[in-house]
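Here the structure is laid out as structure tokens; the discussion comes afterwards.
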Amino acid sequence: MSDEPVEPRAARGATLSHLEREDLDLYGVEELSERIERLKAEIARVEAKRATKQAGRGAAEALFR
């Protein structure tokens, strides 16, 4: 075991909450464009995970019908 202190885990959604409050006036046009592209990629990743979970849930529901 390590004697190093363990950092508490961030609460779910904490990063998103932080992003929502960030001052966007500090960013230039190119930085905002890059941010938009990265957010779109994150949305696609979340949508893919949601689709996977929905498929698994549907399979489980069909099994127990």
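Table for the structure above
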quantity: Leading residue by the ranking (nearest to Glu42 (Cα to Cα)) among those in the stretch 1-30 that are of a type in the set (Asp, Glu) and outside any loop (DSSP other than H, G, I, E, B); calculated: Glu20
quantity: Qualifying residue in the stretch 55-63 (condition: within 19 Å of the chain's Cα centre (by Cα) and either in a helix (DSSP H, G or I) or exposed (fewer than 10 other Cβ atoms within 10 Å of the Cβ) (or both)); calculated: no
quantity: Filtered residue count, the stretch 16-54, keeping only those that are hydroxyl-bearing (Ser, Thr, Tyr) and exposed (fewer than 10 other Cβ atoms within 10 Å of the Cβ); calculated: 0
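Computed from the coordinates by the stated procedures, all read-outs in this text should not be read as laboratory data. Everything numeric here is computed off the predicted structure, so don't read it as measured data. Every residue, glycine among them, receives a Cβ derived from its backbone with ideal geometry; neighbour counts consider all protein chains shown.
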